[in-house]
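Working notes, beginning with the structure itself.
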Amino acid sequence: MIQTGFESRVKVQQVIESQLPNFILDENPNAAEFLKQYYISQEYQSGPIDIAENLDQYLKLDNLTPEVVVDSTYISSEISSTDTIITVSSTKGFPQNYGLLKIDDEIITYTGLTANTFTGCVRGFSGITSYHANLNQEELVFSGSTAASHSTDSSVQNLSSLFLKEFYKKLKYTLTPGLEDIDFVSNLNVGNFIKEARSFYQAKGTDESFRILFNVLYGVTPRVVNLEEFLIKPSSAEFIRREVAIAERISGDPSKLLGQTIKKSTDDITSASISEVEPFTRDDKQYFKISLFVGYSDISAVEGNFTITPNTKCLENVSVGSSVISVDSTIGFNESGNIISGNNTITYTSKSINQFFGCIGIEEEIYSTDNIRSDEIYYGYEDGDLTKKVELRLTGVLSKFV
């Protein structure tokens, strides 16, 4: 395997002849060649033995290079149905030998390659062309083909990277929710972006997040215009300054927080006064746009750091007393701490990308698709009445938050 970040490992096909006893080779001269061809059929990139022996490398985010993600090239000159050398624009991302490629409806394997050619091509080959059948998404598609002529600029698909691409789609769904069906720019180092996805989501709504998003999707750096900078401001005038956040109600009536102070449950230093509350509905669910009063000058009256409250969904039913919870994603949650689901306040000791471990405190069953959120919330009181607590979860920001 070349140029995909995979470590070079010895394959059985390379050493099989030296491992067989002499009496077998004497009595069956073709035994070594027979076994070699068998292992070639199993050890090609994304083949059964290759996946089993190199699964740790398929799981590495660093192997999601631009060549693997794009997974295609183009024919540089026309080929006939009998040609055994195919010239392309680039062979980056294709295996060193015995890889599978598809041109139009024809599947081809090869014994070697250079920077711009596939050599020793076997035409009209067969192999797996998709991991999802049209009528059964869990069924592989194994296709045969016949040799044919192909014109210049025909697309060449790398069938050897299908398994890695499937894992890539799963990673996008788990670690970059909302972007799973969107193509990134072709030269993006996807591994680095996914590893830093938590920072991107925590910065949602800021100028930096817009810069990252436009670079990832379009390869351009946007210019975010702050219209306030272009206002004519008389020297004696004072302008009310606000920061805006989007919040989801947990309890109480957020509309009665106007003029009140809200604080973070895990940090009393983080606080701000609310100057405006505007309810709105999105996807049949009510949210509140909350304006936090900054002040009349460049000195902010907002104390501490306001952050988005992590939230996810349970993937399967969790019985009372269970110690593991499987969720859609754990992005944004601390490595250990407390989470809340319904009436359950749960303490966990560690996590993976989609599971919480060492859970204590599951006293009521948690059902599939139930919300699970961090215990970090923001709270205030209706019209200042300390008996009427309002609890909020920040779901997004519109301006200048960490």
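Values quoted throughout were computed directly from the atomic coordinates according to the rules given, and no laboratory measurement underlies them. Every value quoted in this text rests on a predicted model; they were computed, and no experiment measured them. Here the Cβ positions follow ideal geometry from the backbone for every residue, glycine too, while neighbour counts run over all protein chains shown.
Some notes on this structure:
- Calculated [θ] (222 nm, deg cm²/dmol) that DSSP helices of n ≥ 4 give over the chain, each run adding -39,500 (n - 2.57): -5500 deg cm²/dmol
- Computed on segment 104-198, with alpha-carbon pairs under 8 angstrom and 6+ residues apart, the relative contact order is 20 percent.
- Scalar couplings 3J(HN,Hα) for segment 133-148, obtained by applying the Karplus form with A = 6.51, B = -1.76, C = 1.60 to θ = phi - 60°, are 6, 4, 9, 9, 5, 9, 10, 6, 10, 9, 10, x, 7, 10, 5, 8 Hz; x denotes Gly and Pro.
- Amide proton proximity set for Lys351, modelled H, under 5 Å, gap of 5+: Phe357
- Mean separation of Cα contacts under 8 Å, 6 or more apart, over the residue count of segment 12-164: relative contact order %: 23 percent
- Relative contact order %, the chain, counting alpha carbon pairs below 8 Å whose residues are six or more apart: 13 percent
- Net length gained if the chain between Val220 and Glu78 were fully extended (0.36 nm per residue, minus Cα distance): 47.6 nm
- Modelled this way, with points 7 Å down the Cα-to-C-beta line, the labels at Asp181 and Val122 are 3.9 nm from one another.
- Selection from Ser251, Ser273, Cys359, by position along the positive dipole direction of the chain (Cβ): Ser273
- Computed E for Ser199/Thr347 - FRET, C-beta separation, R0 25 angstrom, nearest 0.05: 0.45
- Just so you know, the averaged projected area of the alpha carbon convex hull for segment 348-387 sits at 4.9 nm².
- Cα convex hull, segment 311-402: 121 Å³ per residue, rounded to a whole number.
- Computed from phi, the 3J(HN,Hα) profile of segment 93-107 under the Karplus parametrisation 6.51, -1.76, 1.60 (θ = phi - 60°) reads x, 8, x, 4, 7, 6, x, 10, 9, 10, 10, 6, 9, 9, 9 Hz, with x in place of Gly and Pro.
- Only Lys, Arg (+1) and Asp, Glu (-1) charged, at Cβ; the chain dipole about Cα centre in debye: 780 debye
- Phi to ³J(HN,Hα) by Karplus 6.51 cos²θ - 1.76 cosθ + 1.60 over segment 272-277, Hz, x for Gly, Pro: 6, 8, 9, 9, 6, 10
- Shape analysis of the chain based on the Cα gyration tensor places the equivalent ellipsoid semi-axes at 56, 28, 17 Å, largest first.
- Segment Thr387-Asp284, length gained on full extension (0.36 nm per residue, minus Cα span): 34.1 nm
- Multiplying the residue separation of Gln260 and Phe357 by 0.36 nm and removing their Cα-Cα distance gives an extension gain of 31.1 nm.
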